[in-house]
């Protein structure tokens, strides 16, 4: 197996396993990993327009996040606010229940990151991050993550 091929499949395997574990940890909260990302982005950057939200999501880079928002609105976790001067201008914000769930998501993610911190302690993490950013550079998901990091470009 070529190193590039192994790298590709290792990234895929890690992503799938991480998402499977995160889904299991989020199940008691009644949200999927993609819905959790929406809640976290709104918690960290909101209120946002649907377009603004879409620009920051890694889970839904090539499609509209509207189906995720619709489901979260039905659950009472996200509210749509119409602009006072233009009814077509809608912003998305967390409801009080949405803020509570977002805080629970932060706790779930924190436990996951603590485990990763222990696993990667003493490893060349910064070098690995530079490699992965270079691989993601230019892709919609890589651009969304760069915006969330505040760099507007993978560096």
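Answer with yes or no whether residue 110 is part of a helix (DSSP H, G or I), within 30 Å of residue 138 (Cβ to Cβ) and modelled with pLDDT of 95 or more.
Numbers: part of a helix (DSSP H, G or I): yes; within 30 Å of residue 138 (Cβ to Cβ): no; modelled with pLDDT of 95 or more: yes.
So residue 110 does not fit the description; no.
Among the residues of segment 24-38, write down those that are touching a helix residue (DSSP H, G or I) at 6+ places or on another chain (Cβ under 8 Å), in a helix (DSSP H, G or I) and under 20 Å from residue 56 (Cα atoms).
If the condition is that a residue be touching a helix residue (DSSP H, G or I) at 6+ places or on another chain (Cβ under 8 Å), in a helix (DSSP H, G or I) and under 20 Å from residue 56 (Cα atoms), then 33, 34, 35, 36, 38 are the ones that fit.
Looking at 122, 76, 138, can you tell me which residue is under 19 Å from the mean Cα position of the chain (by Cα), surrounded by fewer than 13 Cβ atoms within 10 Å (Cβ to Cβ) and outside any helix (DSSP H, G or I)? Walk me through how you get there before you give the answer.
On the way: 122 fails: under 19 Å from the mean Cα position of the chain (by Cα); 76 fails: under 19 Å from the mean Cα position of the chain (by Cα).
Criteria check complete, one pass: 138.
Which pairs do you get when a residue that is modelled with pLDDT under 80, found in segment 75-87, comes within reach of a residue that is not in a strand (DSSP E or B), reach meaning Cβ atoms under 7 angstrom, with the pair 6+ apart or on two chains?
83/89
What's the number of the only condition in (1) within 23 Å of residue 19 (Cβ to Cβ); (2) surrounded by 11 or more Cβ atoms within 10 Å (Cβ to Cβ) that residue 82 fails to meet?
(1)
Taking segment 1-17 only, how many residues are over 22 Å from the mean Cα position of the chain (by Cα) and in a helix (DSSP H, G or I)? Talk me through it step by step, then tell me what you get.
Taking segment 1-17 as the starting set, the residues that turn out to be over 22 Å from the mean Cα position of the chain (by Cα) are 1-7.
Filter again for in a helix (DSSP H, G or I), leaving 3-7.
Here the count works out to 5.
The values are calculated or read from the model by the stated rules, or taken from the named source; none is laboratory data. Keep in mind the model is a prediction, meaning the values are calculated, not measured. So basically every Cβ, Gly included, is an ideal-geometry build from the backbone, and we count neighbours across all protein chains shown.
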